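*Asks:* Let me begin by handing over the structure; questions about it come next.
The values are calculated or read from the model by the stated rules, or taken from the named source; none is laboratory data. Values in this document were obtained by computation on a predicted structure and should not be read as measured data. Here the Cβ is made from the backbone with ideal geometry for all residues, glycine too, and neighbour counts use every protein chain on show. With ligands, DNA and RNA removed, areas are computed over all heavy atoms of the protein, side chains included. Shrake-Rupley method; radii C 1.70, N 1.55, O 1.52, S 1.80 Å.
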Amino acid sequence: MSEEIFGAVQKLPVNGTKKQVVLQCAPLLTGIKLSNLLNVRADQKEEVFKLFEGSKICCRVLYEFRGRLSILLYRPGMLAAYLDREDVKKLMMSFGYGDLELEEILDRIADGYQEHMDGKRGFPHEIGLVLGYPPVDVEGFIKKEGRDFLYSGYWKVYGDVEQAKQTFQAYDNAKECAVVEFMAGKQMKEIAC
């Protein structure tokens, strides 16, 4: 995003939650990403959920602790289709996920994320798949323990760098579009196509 647009957004006398959602979740809002994690204060929960009432985006709290929340924002159809891809299903099976419906998968991921944040287990890497990261990059991150990546942007890349760069550029372009629409006064439901 250009510094000019980012600076203009920061100066807008509007609710911080809306700005945060637009800046952090633009690729999801514009329909090119299937999900996004949003970390907010607990007192923002109701507002975040209201922002997406009646939209194609669902909200689910994955973790809550000490006044902070991690909310998964997702497009159910897109996410279910991604998780149904053979390469994704294979990796999910290796994480112990059998033939589960989307809501069951999200229940287990929420439980695993909560346990991780409570210090009771390691990081649930399947969250990378739920966020739409390529399976090769999730596997590479696990095997190389987050080191020796080929490129880093919205995630660490261990596979197709050129494809990842194109995706990252598309995400940046989506952020520009969402911010411009937000600055023009559009409501979240109007931006979330």
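*Asks:* How many residues are surrounded by 15 or more Cβ atoms within 10 Å (Cβ to Cβ) and among the small types (Gly, Ala, Ser) if we restrict to region 164-187?
*Replies:* Of the residues in region 164-187, 3 are surrounded by 15 or more Cβ atoms within 10 Å (Cβ to Cβ) and among the small types (Gly, Ala, Ser).
*Asks:* If I go through region 45-65 residue by residue, how many of them are more than 21 Å from residue 127 (Cβ to Cβ) and assigned to a helix (DSSP H, G or I)? Break it down stepwise before answering.
*Replies:* Taking region 45-65 first, the residues more than 21 Å from residue 127 (Cβ to Cβ) are 46-47, 50-51, 53-56.
Now drop any that are not assigned to a helix (DSSP H, G or I), which leaves 46-47, 50-51.
Within region 45-65, residues that are more than 21 Å from residue 127 (Cβ to Cβ) and assigned to a helix (DSSP H, G or I) number 4.
*Asks:* Any residue in region 39-51 that is of a type in the set (Gly, Ala, Ser) sitting within a Cβ distance under 9 Å of a residue that is surrounded by 14 or more Cβ atoms within 10 Å (Cβ to Cβ)? List the pairs, counting only those 6 or more apart or interchain.
*Replies:* The qualifying pairs are 42/64; 42/69.
*Asks:* What are the residue pairs meeting all of these: first residue in region 166-182, first residue over 23 Å from residue 152 (Cα atoms) and part of a helix (DSSP H, G or I), second residue open to solvent by 50 Å² or more (accessible area, probe 1.4 Å) and not basic (Lys, Arg), Cβ atoms under 7 Å, and 6 or more apart or on different chains?
*Replies:* These pairs meet every condition: 179/1.
*Asks:* Then there is this: I'd like to know if region 123-133 contains one or more residues that are within 13 Å of residue 63 (Cβ to Cβ) and touching a strand residue (DSSP E or B) at 6+ places or on another chain (Cβ under 9 Å).
*Replies:* yes
*Asks:* OK, next. Taking only pairs six or more apart or across chains, which ones have beta-carbon atoms under 7 Å, a first residue in region 138-163 that is basic (Lys, Arg) and open to solvent by 60 Å² or more (accessible area, probe 1.4 Å), and a second residue that is at pLDDT 95 or above and not in a loop (DSSP other than H, G, I, E, B)?
*Replies:* That search, which allows pairs on different chains as well, returns 156/137; 156/141.
*Asks:* Only one of these is among the hydrophobic types (A, V, I, L, M, F, W, C), over 20 Å from residue 192 (Cβ atoms) and surrounded by 13 or more Cβ atoms within 10 Å (Cβ to Cβ): 52, 65, 123. Name it.
*Replies:* Result of the check over 52, 65, 123: 123.
*Asks:* Let me ask something additional. Within region 83-99, is even one residue touching a Ser or Thr at 6+ places or on another chain (Cβ under 9 Å), among the hydrophobic types (A, V, I, L, M, F, W, C) and surrounded by 13 or more Cβ atoms within 10 Å (Cβ to Cβ)? Spell out how you get there, then give the answer.
*Replies:* Taking region 83-99 as the starting set, the residues that turn out to be touching a Ser or Thr at 6+ places or on another chain (Cβ under 9 Å) are none.
Within region 83-99 (the criterion being touching a Ser or Thr at 6+ places or on another chain (Cβ under 9 Å), among the hydrophobic types (A, V, I, L, M, F, W, C) and surrounded by 13 or more Cβ atoms within 10 Å (Cβ to Cβ)), the answer is no, since none of the residues qualifies.
*Asks:* For region 132-187, what are the residues that are aromatic (Phe, Trp, Tyr) and under 15 Å from the mean Cα position of the chain (by Cα)?
*Replies:* 133, 154, 155, 168, 171
*Asks:* Among the residues of region 68-80, write down those that are surrounded by 13 or more Cβ atoms within 10 Å (Cβ to Cβ) and of a type outside the set (Ser, Thr, Tyr).
*Replies:* Residues satisfying the conditions are 68, 69, 71, 72, 73, 75, 76, 78, 79, 80.
*Asks:* Restricting to region 29-62, name every residue that is closer than 16 Å to residue 128 by Cβ and touching a Phe, Trp or Tyr at 6+ places or on another chain (Cβ under 8 Å).
*Replies:* The answer is 33, 34, 35, 36, 62.
*Asks:* Then there's this: Do the conditions hold for residue 190, that is, is it without any contact (Cβ under 8 Å) to a residue 24 or more places away in the chain, open to solvent by less than 80 Å² (accessible area, probe 1.4 Å) and outside any loop (DSSP other than H, G, I, E, B)?
*Replies:* Considered against the rule, which asks whether it is without any contact (Cβ under 8 Å) to a residue 24 or more places away in the chain, open to solvent by less than 80 Å² (accessible area, probe 1.4 Å) and outside any loop (DSSP other than H, G, I, E, B), residue 190 comes out as no.
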